[in-house]
Amino acid sequence: MSEKKNIIHNHTHSDDHAHSQLPSDPELRVKAVETLLLNKGLIDSRTLDELIDTYENRIGPQNGAKVVAKAWVDEEYKKRLLNDATSAIRELSYQGRQGENMVVVENTPKVHNVVVCTLCSCYPWPVLGLPPTWYKSDEYRSRTVREPRKVLSEFGLSLDPKVQIKVWDSTAELRYLVLPMRPDGTENMDETELAELVTRNSMIGTGLPKEIK
Ligand code: FE
């Protein structure tokens, strides 16, 4: 959903609007909306708690990290992942809303991939959880397509000018996940250790996996 379509707009003017009665702290505003929805019987508190727990604790970038680590150690799995990401990801039991049609794009020494949703904030929930705020920002959405190299450098990622940057625009139908390159010096690491190196941003393309010290 677009930020602009949020239930409560962040009014900057100070006239005596009905909605300016809402607390300014985002957490309190959410609480206010939640209470309203509960009181109106539009949502059930148990369902809501379960949903929040799911996306806060059980679904997040740690899932995507396991997919990436498996692809790094298992060539056959990697082939399946690049061929049909939805099925390959489902092999690890990650599936569900916003992950119905997944595409994995592989970084190589010559190509770096980065994912954006220019229209709103489409994001692969089952493998990355909920999108970070910057991903939903107008700035990231508009500038990543126009000047990807500059945007990446602002994330601290300076790529060799010879490396081609490919920008993938997520939609409601297709969600992308970047398969970053396996860092050097990790030959002796197992899948669990490797997964620890995979950051959320490395799977969006705005970062790289952690380096070995
Ligand atoms: Fe979107």
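A few comments on the model shown:
- Residue match in the stretch 90-111 (condition: under 24 Å from ASN57 (Cβ atoms) and hydrophobic (A, V, I, L, M, F, W, C)): yes
- Selection within the stretch 130-176 - under 20 Å from GLN98 (Cα atoms) and of a type in the set (A, V, I, L, M): LEU130, VAL167, ALA172, LEU174
- Qualifying positions in the stretch 102-115 - within 16 Å of the ligand (Cβ to nearest atom) and touching a Lys or Arg at 6+ places or on another chain (Cβ under 6 Å): MET102
- Among the candidates THR192, THR206, residue that is polar (S, T, N, Q), in contact with a Leu (Cβ under 8 Å, 6 or more places away or on another chain) and closer than 27 Å to GLY96 by Cβ: THR206
- Residues located in the stretch 74-98, provided they are more than 25 Å from CYS117 (Cβ to Cβ) and surrounded by 15 or more Cβ atoms within 10 Å (Cβ to Cβ): TYR77, LYS78, ARG80
- Residues that are in a strand (DSSP E or B), of a type in the set (A, V, I, L, M, F, W, C) and away from the ligand (no atom under 16 Å from the Cβ), drawn from the stretch 159-185: ILE165, VAL178, LEU179
- For the stretch 116-138, a residue qualifies if it is within 11 Å of the ligand (Cβ to nearest atom) and of a type in the set (D, E, K, R), and exactly one does: LYS136.
Each value in this text was obtained by applying a stated rule to the coordinates, not by laboratory testing. These numbers were taken from a predicted model, which means no experiment stands behind them. Cβ coordinates were reconstructed from backbone atoms using ideal geometry, including for glycine residues, and neighbour counts include every protein chain displayed.
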